[in-house]
Protein chains: 2
Amino acid sequence: MKRPTIIDIAREVGVSKAAVSYALNGKGGVSPETRERILDVAAALGWRASTAARALSSDRAASVGVVLARPPELLGTEPFLMRLVAGLERTLSAYGVSLQLALTSDTETELATYRQWWAERRIDGVVLTDLRTADPRPGLVRELGVPAVLFGTAGPVPGITALRSDDERTARSAVAHLVELGHRRIAHVQGPDNLRHTLRRAAVLGDTAHELAGIELHREVGGYTEDGGLRATRRLLAARPRPTAVIYDNDVMAVAAVAHADELGVRIPAELSVLAWEDSMLCRVVRPAVTAFDHDVTADGAQAARVLLELIETGVGVDGDLGDRTLVVRSSTGPA
Amino acid sequence: MKRPTIIDIAREVGVSKAAVSYALNGKGGVSPETRERILDVAAALGWRASTAARALSSDRAASVGVVLARPPELLGTEPFLMRLVAGLERTLSAYGVSLQLALTSDTETELATYRQWWAERRIDGVVLTDLRTADPRPGLVRELGVPAVLFGTAGPVPGITALRSDDERTARSAVAHLVELGHRRIAHVQGPDNLRHTLRRAAVLGDTAHELAGIELHREVGGYTEDGGLRATRRLLAARPRPTAVIYDNDVMAVAAVAHADELGVRIPAELSVLAWEDSMLCRVVRPAVTAFDHDVTADGAQAARVLLELIETGVGVDGDLGDRTLVVRSSTGPA
DNA sequence: CTGAAAGCGCTTACAG
DNA sequence: CTGAAAGCGCTTACAG
């Protein structure tokens, strides 16, 4: 019941608590035999360093924070988020670092959370996702001096460690697939307009379509939600000439379109091919099943964790590249 | 950059740091004017108590832990988990308590995590989900003295605070719906055999079926996964006489059956009615859409957080009841 | 009502 | 290689 401290160990072994601390942390200043006895006693007592005490004296919280900023209705729906968290947590826990998780839907709260965590010395660093246009967060973490890793950016970000995702490659793969099927009127239903990577994708898709087939992309904003995706689809189906294929920025919007094809008055894929930027069980269970990009989110999360831990440890962050996406062709895409 | 401490405040205001501490914590021993000046200065400096220091002196980590023990492939798929986390986190953060999250797939690691968190004084309490048969966790938290709340039990658990879910009510609603449609051969595809609530549901469903229609339930173990659900469905379709309706313990298994009805060689609902114990977007987007039980997971999570915080604060935990489930009838259930 | 002091459990220069 | 000591930033009895 009473949790043991290094004083208990010191008493048991008959040395000073400093010696115990040195031994436990693998530093010099203790003879090999003494060290071994100390480690034995510590193990026997089930001792583990109090994070509070360690944090106070070494200024390390042994904890890393993530804020997921998503509208509540999407939190349970997008499998992506939980997989990312899983990847982060697995790696962090292997290094004895714990994960603090917060969920918010507005930027105000998110910023306040970072400030609070840092001021309370709860965390040693953060992972930032979903970089927005005019995003206040990079500025904030720079101001506070919080070690931060940006997850999934288009390119390097001044002063912050970034993990890039190769949107050009994905865009090329998506457009090539549709163009090969004969599509020339292609639309893109994007996520929220204030997310940088969604704008980036729109730009890259536009360029690629132009390059590969000399065509312009029709663009609609869907905002990631079922409802937004549905409304965007209605708008683009009303356009003349009407697109014959759509690239959706996530699984939720693409699947919403497929599930409501009847009400939308469109046959998929006969009249409209549907492709999703993100795969999940949703894409697999609707009919027709949705052609989508698979990728190893958990591995990406693990990489983010490693880069952040290194940044915290050494003070220098190394930019990296997230894993590539692979197109899984299913029945929702067909000849134009 | 330099994070302010109570010493900075004390110096600024011209009082002792004890006075600052009293004022900040709303205790007596400080005159109203002094208190106000202290609070003003603290706010101006952006001061927040170091959780490490506070934890060390008051033995409170201001943090609560949750371990989600699920096979990796289910982590991103079951929306339930993220919603539960969301409910917990919202409430905790309102009280300045943070959430430590760990994801594991085996009991060993899970137990080790609780031990470690407690030994390191990282948490003040835990929420336990998915109580298993012969579950070692209640014994462990009792042994360690960790305040714990059990989420979703059938009844009270000796020595631990429990939040009950009314499975009788849900079972009655499910069976009544199917019986009214004329079904007499009903099957139950349950979750993993080692989960106590899944066994409990099986028992309660069996009793209810007997009571309402004088029938026996066919039982299969599906294990919550797509694949397990599919295999269980194959088995029960091979039975003679064959069931005409199935109650699945979660959305994933029910939806897997609907999505693969063709391969299974069964028409839903004409030949087989399908009902899911848990609702999600998955149930809404497959065709036919799946009749399922909706409930407010986020509210349940919030309740768990409140009960746990109270237990930590006062030392006494008050058992409670989770919210009820409502049957959302869709197209996957029809006349026998 | 207020202040000086000890203590929470570690880490880490600093002398021996 | 080892030990005594200060310090991290709070809280809280304990005297005044």
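Here, each number is a calculation from the coordinates, and none is a lab measurement. Here the structure is a predicted model, which means the values were calculated and not measured. Neighbour counts are summed over all protein chains in view; Cβ atoms, including those assigned to glycine, are modelled from backbone coordinates with ideal geometry.
Points worth noting:
- Centroid-to-centroid separation of segment B:250-322 and segment B:168-205 [C-alpha atoms, Å]: 13 Å
- Cβ crowding within 10 Å ranks B:T233, A:T298, B:T291, A:T109 as A:T109, A:T298, B:T291, B:T233, fewest other Cβ atoms first.
- By the beta-carbon count within 10 Å of each Cβ, the least crowded to most crowded order of A:S31, A:S105, B:S21, A:S165, fewest first, is A:S31, A:S105, B:S21, A:S165.
- Kirkwood hydrodynamic radius of segment A:239-336, Cα pairs, Å: 15.1 Å
- Principal-axis tilt of helix A:32-45 within chain A, Cα atoms, nearest 10 degrees: 70 degrees
- Shape call, segment B:169-260: gyration tensor on alpha carbons, a/c limit 1.5: oblate
- Once the convex hull of all Cα atoms in segment B:6-49 is built, its volume per residue stands at 57 Å³.
- Other protein chain C-beta atoms within 10 Å of residue C-beta, averaged over B:230-237: 0.
- Whole-Å distance, taken between Cα centres, linking segment A:142-163 and segment B:18-57: 34 Å
- Label-to-label distance, nm, for residues given as B:L45 and B:A299 (7 Å Cα→Cβ offset): 4.4 nm
- Where both bridge residues fall in the protein assembly as shown, DSSP classifies roughly 15% of the beta bridges as antiparallel.
- Taking only alpha carbon atoms, segment B:1-139 gives an Rg to Rh ratio of 1.13, where Rh is the Kirkwood radius.
- GNM result for chain A, Cα springs below 10 Å: residue of A:G29, A:G155, A:G76 fluctuating most strongly: A:G29
- Helix-only arithmetic for the protein assembly as shown: the sum of -39500 (n - 2.57) across DSSP H runs with n ≥ 4, divided by the residue total, places the mean residue ellipticity at 222 nm at -14500 deg cm²/dmol.
- Mean sequence separation of contacting Cα pairs (under 8 Å, at least six apart), scaled by the length of segment A:167-294, corresponds to a relative contact order of 23 percent.
- Distance from segment A:105-136 to segment B:88-114 (C-alpha centre basis), Å: 20 Å
- Residues with amide H under 5 Å from that of A:G125, placed H, sequence gap 5 or more: A:G65
- Sorted largest first, the principal axis extents computed over the alpha-carbon atoms of chain B equal 85, 38, 32 Å.
- Column: log10 I(q)/I(0), Debye, Cα scatterers of segment B:92-180, q = 0.11, 0.17, 0.20 Å⁻¹: -0.41, -0.80, -1.00
- Across chain A, the relative contact order, built from alpha-carbon pairs under 8 Å that are at least six residues apart, equals 16 percent.
- Across the alpha-carbon atoms of segment A:272-314, the computed radius of gyration and Dmax are 16.1, 52 angstrom.
- Placing +1 on the Cβ of every Lys and Arg and -1 on the Cβ of every Asp and Glu, with no other charges, gives the protein assembly as shown a dipole of roughly 640 debye about its Cα centre.
- Gaussian network model of chain A, springs between alpha carbon atoms under 10 Å - residue of A:L39, A:L212, A:L163 with greatest fluctuation: A:L39
- The angle between the Cα long axis of helix A:196-213 and the longest principal axis of the Cα atoms of chain A comes to about 40 degrees, rounded to the nearest 10.
- Counting, for every residue in A:103-110, the Cβ atoms of other protein chains within 10 Å of its Cβ and taking the mean gives 2.
- 10 °C / 1.306 mPa s Stokes-Einstein diffusion coefficient of the protein assembly as shown, Kirkwood radius on C-alpha pairs, µm²/s: 58 µm²/s
- The convex hull defined by the C-alpha atoms of segment A:222-286 has an orientation-averaged projected area of 3.8 nm².
- Taking a straight line from the alpha carbon of B:K17, these aspartates and glutamates sit under 19 Å away, with near neighbours fewer than eight places off in the same chain left out: A:E120, B:D8, B:E33, B:E36, B:D40.
- Within 10 Å of each Cβ in B:94-101, the average number of Cβ atoms from other chains: 4
- Cα shape, segment B:145-304, gyration tensor, a/c 1.5 rule: prolate
- Build a GNM of chain B with springs between Cα atoms under 10 Å apart, and of B:I123, B:I247, B:I160 the one that fluctuates most is B:I160.
- Counting only DSSP beta bridges with both residues in chain A, the antiparallel share comes to about 15 percent.
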